[in-house]
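For reference, the structure is listed below as structure tokens.
The values are calculated or read from the model by the stated rules, or taken from the named source; none is laboratory data. The structure presented is a predicted model; accordingly, all values stated were derived computationally and were not measured. All Cβ positions, glycine included, derive from the backbone under ideal geometry; neighbour counts span all protein chains shown. Side chains included, ligands, DNA and RNA excluded: accessible areas come from the protein's heavy atoms. Shrake-Rupley method; radii C 1.70, N 1.55, O 1.52, S 1.80 Å.
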Amino acid sequence: MKLKYSGLIICNTTPLLYLHQIHLLAIIKDICGDIVVPPAVIRELKAGADQGVSVPDIGQYNWITVKEPVAVSAHNLIKDLGDGETEVLMLALEMPGSMVILDDNLARTYAYINSIDVIGTCGLLVKAKYFGLIPSVTPVLDLLDQKGFFLSKEFRKTVISLARE
């Protein structure tokens, strides 16, 4: 039922945050197995919690490991991205063969340029439907929209089409 992927899977903040808020965080584990998050993701989640946002407590999930990039001094070399995206990409570059879970378009572009495999929240939802973890993608997209997850109308149509709905 999991992705046929043998490398490290590194996750950014957004998929964790939004899937937690709609009570579907477990699909990451069900689809990806164990994942890694960099410290910046933990800091971003804590910042959200400090503002009253419902965030997952990463320490409660034995399938999530925190790993710091080795080359933290290179952090400033990647511009125009949040700290979470930057550290996710840094870890992926340090661990060839890794896959990243990212939603930010610019971060995904950096990943593609560097030959890093990418999946996003919507891709996970399509996989979740395919694996029978959710019955339909459309109502989940509606929930994400209610929580403030941005999805263009065009991309929403694409996701629904990929889910064969």
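Can you find a residue that is among the aromatic types (Phe, Trp, Tyr), over 21 Å from Cys32 (Cβ atoms) and in contact (Cβ under 8 Å) with a residue 24 or more places away in the chain anywhere in region 102-112? Break it down into steps so the answer makes sense when it comes.
The initial filter retains those residues of region 102-112 that are among the aromatic types (Phe, Trp, Tyr), namely 110, 112.
Still in the running and over 21 Å from Cys32 (Cβ atoms): none.
No, the conditions are met nowhere in region 102-112.
Looking at region 150-165, which of its residues are at pLDDT 95 or above, open to solvent by less than 50 Å² (accessible area, probe 1.4 Å) and within 24 Å of Ser54 (Cβ to Cβ)?
Once the filter is applied, which keeps residues that are at pLDDT 95 or above, open to solvent by less than 50 Å² (accessible area, probe 1.4 Å) and within 24 Å of Ser54 (Cβ to Cβ), region 150-165 yields only Val159.
Looking at Asp103, Asp80, which one is of a type in the set (D, E, K, R), open to solvent by 10 Å² or more (accessible area, probe 1.4 Å), on the phi > 0 side of the Ramachandran plot and not in a helix (DSSP H, G or I)?
Working: Asp103 fails: on the phi > 0 side of the Ramachandran plot.
None of the other options fit; the residue is Asp80.
Of the conditions (1) more than 15 Å from the chain's Cα centre (by Cα); (2) closer than 17 Å to Pro15 by Cα; (3) surrounded by 12 or more Cβ atoms within 10 Å (Cβ to Cβ); (4) at pLDDT below 95, Asp145 satisfies every one except a single condition; which number is it?
Just one mismatch for Asp145, condition (4).
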